[in-house]
Structure formats: structure tokens, C-alpha cells
Amino acid sequence: MEAAGVGPESRSWSTTYVRARLRARPTPLVLLAIAAAVALLVLLPLGFLLDQALSIGWTQIDHLLFRPFVGTLLVNTVLLVAVATTACVVLGVAVAWCVERTDLPGRRTWAVLAALPITVPAFVTSYSWVSITPIVQHFGGAALIVTLAYYPLVYLPVAAVLRGLDPALEESARSLGMGPWRTFLRVTLPQTRLALLGGGLLVAVHLLSEFGAFAMLRFQTFTTAIYDEYRLSFDGPAASMLATVLVLLCLALLIGELGLRGRARYARVDTGSPRPAARARLGRSKWVVLAGLGALVGLALGLPLVTLVYWVLRGGSTSFPVVSLLSAAGSSLELGLGAALLTTLLALPVAILTTRHPSRIAGALERAAYLPYALPGIVVALSLIVVSVHQLPALYGTTPLLIVAYAILSLPLALVATRAALAQAPPVHEEIARSLGCGPLQALVRVTLPRILPGLGAAAALVFLATVTELTATLLLAPIGTQTLATQFWADASTRSFGAAAPYAGLMVAISALPTYLLTRRLGAVAGPRRAR
Amino acid sequence: MSAPALSIAALRKSFGGTPVLTGLDLEVANGSLTAVLGPSGCGKTTLLRLIAGFERADAGTIRVGERVVCDERTYVAPEQRGVGFVAQEGALFPHLDVAANVAFGLARSQRGSGRVQELLELVGLAGLAKRHPHELSGGQQQRVALARALAPSPRLVLLDEPFDALDAGLRTQVRAEVRAVLRESGATALLVTHDQEEALSLADVVAVMRDGTIVQAADPQTLYRDPVDAELAGFLGEAVLLAGELHAGHADTALGRLPTRGANGHGATRGSVMLRPEQILCREPLAGAPRGRVLATQFYGHDATARISLQDPACPEITARAAGHRLPAVGDEVSLVVEGTALAYPSPR
């Protein structure tokens, strides 16, 4: 889903001079205040969480933190993240190369099929495996299943870079006497480094945040442990303490990625190539590649879908839960639309501030707004519970609080899309509108908004998609009596009522298919080859 | 006498420690077309943006009419200044058609009043009201942008290198059209450009900008004839500078004794004089006149220039302009005759 960030900024107007001029424009204080409020909304709950975790005193902290159980969690989590992220990177690059750079038969179809597993939430994938056989409930099974669920996060950005790569680079390498393998390793692969690291980071962050899949697979990580602690002693410091460790792990990941990225900015290849690169000829090995891709798509996409259909049909022989299915779908849609609206509204002022009035403060606020990118849903949910219970009891257990949680979690997604749209709408139009008598707000509404409407739509669609398939925060924060498709599915699946759970998952996947389709069409138009021009 | 449409005093602006405007003064008379001429990056666009209110000055005063729109205490928002703006590439709103673009700055009640049609007729695009910006040529876009800026009858219209994005063939034509529209509408306009030919041929007053200030503002003929210093002379067109001894009313140079204007000192001083190449005529060798040998020629059709080496070692080479049909050949020996007076620049002591 991160693919929204891949949108080209080649038409943006950001030269140093223009930047300097923009910086010199008076920053409207109202805008600054709104953006600061958005950043506070993200940071404050986290602050309360840390405060609660630390308030118990060092002896308690020592007691809670340094015990064998936490050690096991740490080993489990780190090992799984390392193994599955590596597997996702290898798989993602291999698939991207086969689809984009070889003469594989049916490339276009494979390109779509290979990306589709992203539409099936990981907790649904693991449900379908568990419903077939319990032998996947261990480390190896967990690593395999999350790899199948998350490899598209590497595949998509790497494929986009490979597609736009200047063929002259590879041709030069070949003419300098390098074989195809050495060319790939020493020229092609380094060009994809940023996409690869970004995709890898995304996978790792998702794995640290993943709750549903691991709970289903009975594989204990920090998220499942936090959930158990929370269920055991509602609002206890133990859960906050574990959540703090998880936040530290996430931060370590972010810093590690920044370090690895280094000066790799030269690889920012996004301008599209003037001509398509020559494709490698697979020859006979194409049968091996076809078999491999077939197996991958079969396991990652086919198996969950077939299992779902199977359980829906089998469950249908008893009684189909029409009423509760409709009511859960209604809640999911309502929450999804609410979150899409609120998040886009929150992202817009931050994006306007950073694109139109760049400054140090604006940069800092923006970074704060991007922080939830690396925050697990369970941490955000827990911190909102801490805040609401201690500071705003009237909000606890209400729909608005749940929507705020969604908004915090998906703010980075909305921000990426909104910012890209604004960067492509030249500020000169706003200035002209001002010189024609419009106030700043009027200029925004009459000139800028019509331009960035598609970008705002993409932002809303991304948020909607993330919200409809969100499980963890919903489980913790949903008002009593509110069941979404995800939580209703979870309630049935976790008691091994596979047949009863299936219709909810099926409908959830179906609902999220529409925004995904719209997004891929839009992203395809943006990131796809622009040779037609 | 009413106040000038625009008056600027001691305007200063810097970006991140780099000074761009360093105490600039400028006045634009009502109903005139004034051009600010300067090389790229001299701060012309910054000046326009400060006048429009897109940016805030560090110091100085800007008055539009009698109203102070910017000084130490005042900063009037762009929408309240009554200053129109035509951007470099037109910057038409892509989601609106031509008529809606022109109507953009009009009050709701005025939109149906025929004002839009009137303006479209003024810029000669009455038939294109329903077109969208991407369906127009570059020149048409610029004319719509001008109509849009003129629609609310601003006190002043600013044009930021409006012909720069057009290709050379179109530029002359659009220039003439824009000038005619501005004349007919009676608007006061301030245009910035880096093209001296454009400034000299288009504007009533040309203000030359250098190092963040205006070095000279005058009508085009005065400016070309009497630039305040040698650097400006060279910037406005080709200039021949001759070192010499300056006296009251004349100077002794490599081209003999020349009558001079400007800077008449008392007694002899060292200095230089400036001539335009078209003042220097090449003739058959004459007794008594200074001589030179033609080094190279450049033929333009209607006229031509010749680079001539003088026998005087103190002044190695000069350029003379000749009509195309009277061009001497390379290697010819010619006598040089000077028409009119030379402009004297005493050396700074």
C-alpha cells in the first residue's frame, strides 16, 4: 500500500531557490497551530503510555522487564522479523525481476496476480492455513505464512523501479565485459536499493505490529503478549511496559534503515525510461519460473480464497448469518468512511504546511505525523485507552475514540498521498487567486482543492482500506456491542468456528477490493511506463 | 496631479542571508507601461512578488496609489492590494474554462454583466470562451491570463517575464498585442524582463536593475543615449568605449577630438567616452581622419558590423556599424568618421 509514495515528483517545482522563496512567505499561524495539534494528537497518547510504564518505579520495571518471559518474546519476535523479512526481500526481488525483466509468458497477468495477496489480510491467510492443518502453528509455519502475506510490499516498489530503470546502465555494464549475473548484482540490484530497503522496512514494521496472524498461529510475540496482558489486567503497567519495548524495537528498525540507506539517494530512479529495457530470455527455464510463480500465487492467494469459499459453502448448509453479516458490514463501512474523512482532513493542513511553508518547525511536525508508520496498532490502541481512562473517561469505549485511533494509525498513508498531490499543484495558482481578491482559504477551496481532489481521493481510499481490514485496535477499542467484519470474523475464528467466520472474511476482502482496484488503476497510471507521450 | 500608481522607497529583501534587494526605489506613473530590466537572478521577480504581496519585505515602503501596502508596521494581504499578476507561463487554472478563468476575480454579481465578454473581445479571444487552457496556444494563454488580471480593474498589473515561455516567432506578435491591450484598457503596468530589446521597444519607461537596486530609470531613448555608466551602456546595446582626455565640451581620443555631452569638468581630466557603433562610419581613406584596418565583419542583412583595429596601440579595436550594402571587406583600410556627440565618463578619482 506504500506504493502511493512511489508517485513521481518530477513535475514538482522544488528547486532550491523556490524553496528559499517559499520559506520567506509569512506562515499563517492558524495553519501552524492546526498542524501542531495534529502532531500532538499523535504524540500525546504515546507520552501518556510511556509515563504510565515508567511511573511504577525502577524495582517494578526491573521485575517486569527482566524475566525469562520477556527474553522469549524478544527472541521470538526478532528472529521471526529477521527470517521473514529476508524471505520477503528475496522473494519480492525474484518475482519483480521475473515479471519485469524477462520474457515470461503472460507477464501482465502475473504482475497483477503477484500483487494481489496484499488484499488478503494476514490474519485471514493464517486462518485459512490453520483451518486446514494445525501443523503450521510453530515458528516455521508462522514465518512461511507471513512471508506469503507480506512479500508484495517488497515486490511492488522494486518492480516499479525495475520498470523505470534506464537500460543504458545495464548495457554499459555488459559492454564493459560483465556477464548477466554480475550485471544484475553489481548494477541492477544497487539501483533498486532504496525500494528494497523501503519495502523491507515496511515488512519488518508490519511484522512487529502483526497481531491477528500470530495469535491465530499460536506464536507468541510482543503483540500477542501485550494483548494477553491487557485482557488479564485491563490498563495495567505490564502491558504498557511491553508496549514500550515494542516501540523501542520499532525505533531501532527505523534508525537501522536510515543507516543502511546511507547516501543511496542516487538510486532515486523515477523518471521513467525513454525506451524499454531488453528482457532476459528464459529459454527452457521458463517452465521452472512458471511453476514457481504458480506455486507462489497458489499458496499466497489461491489457498486463502479457496478455503474461504469452501468454508462459506459448508457453513451455508447450517444457517447463513445474514443479519449479523449486514450489521457487521455496516459498522465496517461506517468506521471506514469516518476514518477516511477524518484522516484526510487531518493530513491536509500538515501537507499544506510542509509543501507551501517549509521550515524547521514544519519539518518536525511532519516527522511526528509520520511516526505512526512505525507504531503497531496495539500500541496506539493501548495508549488511547490509557489517555481516555485517566484523562477523558467520557470518551472511553466510544466510536469517536476508535475513529481517532484509525486516524492516527493511517495518518502517514494519507499524508504521503496528499503531499504528493500538493507537490504537483504549483503554488503560483494560489498566488494568482490571491492577487484576484481571494483570501487564503478561498484560494484553497477554489483553486487548489479541485487540483488535488484525485490525490485526496487516493488518500481516503488508502485509509478506508487500512481501516476495514484493521483488527487489533478495533478489538481493543470498539464500543461494546459494535462488531465489525474483522472483529466478528475474529470472534468466530479464534474459537475455531471456521465455517461461521468465513462469510465475514469473504465480505471484508470483497469490500476492500474496490478501493484497491481504484488505487492500482490510479497508481498504474502514475507509476506505469510513460512512453506513450 | 494624482499620486503615482506605484511608489517604492528603500525596499530591502534577503533570502537566507543573501541580499536580493538592497534599498530599491521606483516610481510608476499612472497609465504608463514600465519595464524593469535586469539580468537573470538580479531580483526582478522578487521585486514583483513583494509588490503583489506574495512575500514580505525586510524593510522599505511600497505604496499602491496613495495607500501604503507594505512598510515596517503594515502588511496588506495580496487579495486586498488591487494588484493584478500575470505569471511567466500564464498559470491559467486548468480546471476552469477561459470564461471562468477571466471571471475568477470578479464579484459574483459582476460575472454575468458582460465584463467577461468585454475583456475577451479586448484580447481578441471572444470565440474561445468555452475552451479549456490546454486547448489554447501559448500566446492565447498569455492573453487570457492578461484578461483575467485586468478583469477586476486593478490599480496596477504586474507581468513576470510574460513572453519568456513563447517561441521567438510568436514573441514579437504577442508583445505587440499585449501592449495594445494595455493601452486600450488604460491600465498601469509593470513588466519585468531580461531582454533589453523587449524593454526598449515596449515600455514607456525602462528601469534597469543591478545588484538589487535601480541604477537608472528613463524613457528608452534617453536610457540608450545617456546611460549613467559604462557597464549599463554595454548592457543596453553594443558600446564603444575610448580612453581619452576630457575637456569642457570635447575629448581627445584615439578617434581624434570628439564633441562630448555630460560630465563637463573644469580643465583636463582622464576618463573615457562612449559611442554607439552606429555613430562610427567607415569611409574611403581620407587625409587627416583617423584610420584603421578591418579585422572581421558580421553581416545581418539590413546592416552589418565591422571590427576595426586602429593604428593607435592605446586603443586596439573598435566596432562600427554600417548599412548592409556599404560593408567594407576584411583587410580594407578605412577612415573613421564620428557622427553626433560622445558621452563622457570621467574616471573616478
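Each row is one residue, and each column tells you yes or no for (1) part of a loop (DSSP other than H, G, I, E, B); (2) of a type in the set (D, E); (3) touching a helix residue (DSSP H, G or I) at 6+ places or on another chain (Cβ under 7 Å).
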site	(1), (2), (3)
B:P285	yes, no, no
B:A296	no, no, no
B:A304	no, no, yes
B:T319	no, no, yes
B:H325	no, no, no
B:V337	no, no, no
B:P348	yes, no, no
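Does the range B:97-104 contain at least one residue that is open to solvent by 20 Å² or more (accessible area, probe 1.4 Å), at pLDDT below 90 and in a loop (DSSP other than H, G, I, E, B)? Checking the range B:97-104: not a single residue is open to solvent by 20 Å² or more (accessible area, probe 1.4 Å), at pLDDT below 90 and in a loop (DSSP other than H, G, I, E, B).
Residue check: A:A159 meets all listed conditions (1) in contact (Cβ under 8 Å) with a residue 60 or more places away in the chain; (2) at negative phi; (3) surrounded by fewer than 16 Cβ atoms within 10 Å (Cβ to Cβ) but one, namely (3). Checking every residue in the range B:73-90 against the condition of being assigned to a loop (DSSP other than H, G, I, E, B), within 13 Å of another protein chain (Cβ to nearest Cβ) and closer than 22 Å to B:R175 by Cβ gives at least one match. Name the single residue, out of those in the range B:27-42 being open to solvent by 10 Å² or more (accessible area, probe 1.4 Å) and hydrophobic (A, V, I, L, M, F, W, C), that is farthest from the chain's Cα centre (by Cα). The selected residue is B:A29. State yes or no: is B:I62 of a type outside the set (F, W, Y), part of a strand (DSSP E or B), touching a Cys at 6+ places or on another chain (Cβ under 7 Å) and within 20 Å of A:S435 (Cβ to Cβ)? The answer is yes for B:I62. On the basis of being in contact with a Leu (Cβ under 8 Å, 6 or more places away or on another chain), open to solvent by 10 Å² or more (accessible area, probe 1.4 Å), among the hydroxyl-bearing types (S, T, Y) and more than 30 Å from B:I308 (Cβ to Cβ), does B:S185 make the cut? Judged against the criteria, B:S185 is a match.
Pairs meeting the criteria (first residue in the range A:40-64 and of a type in the set (S, T, N, Q), second residue open to solvent by less than 70 Å² (accessible area, probe 1.4 Å), beta carbons under 8 Å, at least 6 apart or on different chains) are A:Q52/A:P237; A:Q52/A:S240; A:Q52/A:V386; A:S55/A:P237; A:Q60/A:P237. Do we have B:A296 as assigned by TED's automatic domain parsing to the domain that holds B:L242, more than 23 Å from B:P259 (Cα to Cα) and free of Cβ contacts under 8 Å to residues at least 24 places away in the same chain here? No.
Restricting A:A461, A:A425 to those that are over 20 Å from A:M216 (Cα atoms) and part of a loop (DSSP other than H, G, I, E, B) reduces the list to A:A425.
Of the numbered criteria (1) more than 11 Å from chain B (Cβ to nearest Cβ); (2) open to solvent by less than 40 Å² (accessible area, probe 1.4 Å); (3) in contact with an Asp or Glu (Cβ under 8 Å, 6 or more places away or on another chain), the one A:V389 fails is (2). Elements of the type helices (runs of 4 or more DSSP H) sitting completely within the range A:118-168 and holding at least 1 residues that are within 18 Å of A:V93 (Cα to Cα): these cover A:139-150, A:152-164. Annotation: B:V157 fulfils all but one of (1) hydrophobic (A, V, I, L, M, F, W, C); (2) assigned to a loop (DSSP other than H, G, I, E, B); (3) within 14 Å of chain A (Cβ to nearest Cβ); the unmet one is (2). Residues that are loosely packed, with under 14 Cβ neighbours inside 10 Å and more than 10 Å from A:A374 (Cβ to Cβ) within the range A:232-251 comprise A:L232, A:S233, A:F234, A:L248, listed in sequence order.
Filtering B:V228, B:V208 for residues that are in a strand (DSSP E or B), at pLDDT 85 or above, under 30 Å from B:V157 (Cα atoms) and within 25 Å of the chain's Cα centre (by Cα) leaves a single hit, B:V208. Conditions: (1) away from chain B (no Cβ under 14 Å); (2) surrounded by fewer than 24 Cβ atoms within 10 Å (Cβ to Cβ). A:T484 meets all but one. Number of the miss? That leaves (2) as the condition not met. Scan the range B:152-161 and tell me whether some residue there is in the same structural domain as B:R12 (by TED's automatic domain parsing), in contact with an Asp or Glu (Cβ under 6 Å, 6 or more places away or on another chain), among the β-branched types (V, I, T) and in contact (Cβ under 8 Å) with a residue 24 or more places away in the chain. Checked the range B:152-161: no residue is in the same structural domain as B:R12 (by TED's automatic domain parsing), in contact with an Asp or Glu (Cβ under 6 Å, 6 or more places away or on another chain), among the β-branched types (V, I, T) and in contact (Cβ under 8 Å) with a residue 24 or more places away in the chain. So which residues in the range B:163-182 are touching a residue at least 60 places away in the same chain (Cβ under 8 Å) and either within 15 Å of the chain's Cα centre (by Cα) or open to solvent by 40 Å² or more (accessible area, probe 1.4 Å) (or both)? B:D164, B:A165, B:R179, listed by residue number.
The rows are residues; the columns are (1) open to solvent by less than 30 Å² (accessible area, probe 1.4 Å); (2) under 21 Å from A:V404 (Cβ atoms); (3) among the acidic types (D, E).
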{"site": "A:L43", "(1), (2), (3)": "no, yes, no"}
{"site": "A:L54", "(1), (2), (3)": "no, no, no"}
{"site": "A:V70", "(1), (2), (3)": "yes, no, no"}
{"site": "A:L91", "(1), (2), (3)": "no, no, no"}
{"site": "A:C98", "(1), (2), (3)": "yes, no, no"}
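When residues in the range B:100-136 are screened for being without any contact (Cβ under 8 Å) to a residue 24 or more places away in the chain and more than 14 Å from chain A (Cβ to nearest Cβ), 9 of them pass. The condition (being open to solvent by 50 Å² or more (accessible area, probe 1.4 Å) and out of contact with any Pro (no Cβ under 6 Å at 6 or more places or on another chain)) is satisfied by just one residue among B:A217, B:A129, B:A199: B:A217.
Just one residue in the set A:P450, A:P479, A:P427 is open to solvent by 10 Å² or more (accessible area, probe 1.4 Å), under 22 Å from A:P358 (Cβ atoms) and not assigned by TED's automatic domain parsing to the domain that holds A:A213; that residue is A:P427.
Scan A:L415, A:L441, A:L411 and give me the residue that is part of a helix (DSSP H, G or I), surrounded by fewer than 23 Cβ atoms within 10 Å (Cβ to Cβ) and either in contact with a Gly (Cβ under 8 Å, 6 or more places away or on another chain) or more than 9 Å from chain B (Cβ to nearest Cβ) (or both). Exactly one residue qualifies, and that residue is A:L441. Against the list (1) of a type in the set (A, V, I, L, M); (2) within 14 Å of another protein chain (Cβ to nearest Cβ); (3) touching a helix residue (DSSP H, G or I) at 6+ places or on another chain (Cβ under 9 Å), the condition B:L50 fails is (3).
The values are calculated or read from the model by the stated rules, or taken from the named source; none is laboratory data. Since we're looking at a predicted model, the values are computed, not measured. Every residue, glycine among them, receives a Cβ derived from its backbone with ideal geometry; neighbour counts consider all protein chains shown. The accessibility values were calculated without ligands, DNA or RNA, using every heavy atom of the protein model including side chains. Shrake-Rupley method; radii C 1.70, N 1.55, O 1.52, S 1.80 Å.
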